[in-house]
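The values are calculated or read from the model by the stated rules, or taken from the named source; none is laboratory data. As the structure is a computational prediction, the values presented were derived from the model and not from experiment. With ideal geometry, Cβ positions are generated from the backbone for all residues, glycine too; neighbour counts draw on all protein chains shown.
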Amino acid sequence: MTTDFYDELAPFYHLIFEDWERAIERQGEVLAGVLRDAGVGPGDEVLDASCGIGTQTLGLLARGFRVTASDISAGALARLRTELAARGLQTATRLDDLRELRYAADGSLAAVLACDNSIPHLLDDGQILQAFRSCLRCLRPGGIAVFSVRDYARIERRNPDLRPHAVRVEQGARLLAYQLWEWDGDCYDLHMYLTRDPDAGPCETRVFRSRYYAIGIARLLQLLAEAGFAQPRRLDDIYFQPLLTARRPG
Ligand SMILES: C[S@@+](CC[C@H](N)C(=O)[O-])C[C@H]1O[C@@H](n2cnc3c(N)ncnc32)[C@H](O)[C@@H]1O
């Protein structure tokens, strides 16, 4: 379900942002600061393990970091390759699952990232623990893991929850994006509607569906410790979502 969602959404993903290029810039700047503070420099290996179409990968590459990019969505990776070429940037892109990270050698990375609420696509604590253990395995001693997630403790659970999202104008058409969340215990099904209303011709709506586990940040920090990470911590107010960081001991 997650793979189909992001494969289908890949051509439209930038529309989620008011200005995707600015988001790439801003997120790159903040993450570069977090990495530098953790002792990660331009020559060090960084893996963006849920890169999508590249919001964080592109920003960090532009700042001289050596980032490789992986994701479970082949569609998102194909869009990322187009975006890399358009900017004259290069990096390896791999189809890989956060729970396995098959392409990342043990102890090889200075940093691993999974940003913009990728972790809650894993639908139970066991899968999240598996992903955290994979991240830990790939990091060198002292390496840092960086995740950004929604703060579900601040979100009221009501059914149905209609969330107006954005209105954009692109190539002579109004584009309206809105989401419907349907709660089911600690999970919710997300339906993202994208309506394209051109100046001429028929209006059309596409629906993209996915599911999330609304895990709380306190529990994520516990799972990071359980996976073997040191210093799991939450950083608020520097990124558009809370950032969670943790270090491989050593
Ligand atoms: C909200 S998107 C964020 C993408 C990217 N980080 C960005 O901000 O542009 C979440 C991403 O997580 C990826 N993802 C979800 N589950 C994954 C898994 N098990 N392994 C690797 N990537 C996964 C999705 O394919 C999607 O690209």
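With the condition kept exactly as written, say whether any residue in the stretch 196-219 is at pLDDT below 95 and under 21 Å from the mean Cα position of the chain (by Cα). No. Answer yes if at least one residue in the stretch 138-146 is assigned by TED's automatic domain parsing to the domain that holds Gly39, touching a residue at least 12 places away in the same chain (Cβ under 8 Å) and not in a strand (DSSP E or B), and no otherwise. Yes.
A single entry from Leu80, Leu113, Leu98 fulfils the requirement of being touching a Gly at 6+ places or on another chain (Cβ under 7 Å) and buried (at least 22 other Cβ atoms within 10 Å of the Cβ): Leu80. Determine if the stretch 184-200 includes at least one residue that is hydrophobic (A, V, I, L, M, F, W, C), within 30 Å of Cys138 (Cβ to Cβ) and outside any loop (DSSP other than H, G, I, E, B). Looking for residues that are hydrophobic (A, V, I, L, M, F, W, C), within 30 Å of Cys138 (Cβ to Cβ) and outside any loop (DSSP other than H, G, I, E, B), one finds at least one in the stretch 184-200, hence yes.
Taking the stretch 166-208 as the range and being under 18 Å from Ala10 (Cβ atoms), surrounded by 14 or more Cβ atoms within 10 Å (Cβ to Cβ) and of a type in the set (D, E, K, R) as the test, the residues that pass are Arg168, Arg196. Condition first: among the hydrophobic types (A, V, I, L, M, F, W, C), buried (at least 22 other Cβ atoms within 10 Å of the Cβ) and more than 9 Å from the ligand (Cβ to nearest atom). Can you find one or more residues in the stretch 27-39 that meet it? Within the stretch 27-39, one or more residues are among the hydrophobic types (A, V, I, L, M, F, W, C), buried (at least 22 other Cβ atoms within 10 Å of the Cβ) and more than 9 Å from the ligand (Cβ to nearest atom). Of all the listed residues (Leu123, Leu89), the sole one being assigned to a loop (DSSP other than H, G, I, E, B), in contact (Cβ under 8 Å) with a residue 60 or more places away in the chain and more than 24 Å from Leu235 (Cβ to Cβ) is Leu123. Evaluate the stretch 206-216: report whether one residue or more is part of a strand (DSSP E or B), closer than 24 Å to Met1 by Cα, polar (S, T, N, Q) and free of Cβ contacts under 8 Å to residues at least 24 places away in the same chain. Within the stretch 206-216 (the criterion being part of a strand (DSSP E or B), closer than 24 Å to Met1 by Cα, polar (S, T, N, Q) and free of Cβ contacts under 8 Å to residues at least 24 places away in the same chain), the answer is no, since none of the residues qualifies. Across the stretch 109-116, not a single residue is classified as touching a strand residue (DSSP E or B) at 6+ places or on another chain (Cβ under 9 Å), of a type outside the set (A, V, I, L, M) and more than 13 Å from the ligand (Cβ to nearest atom). Number of residues in the stretch 42-61 that are more than 17 Å from the chain's Cα centre (by Cα) and without any contact (Cβ under 8 Å) to a residue 60 or more places away in the chain: the value is 2.
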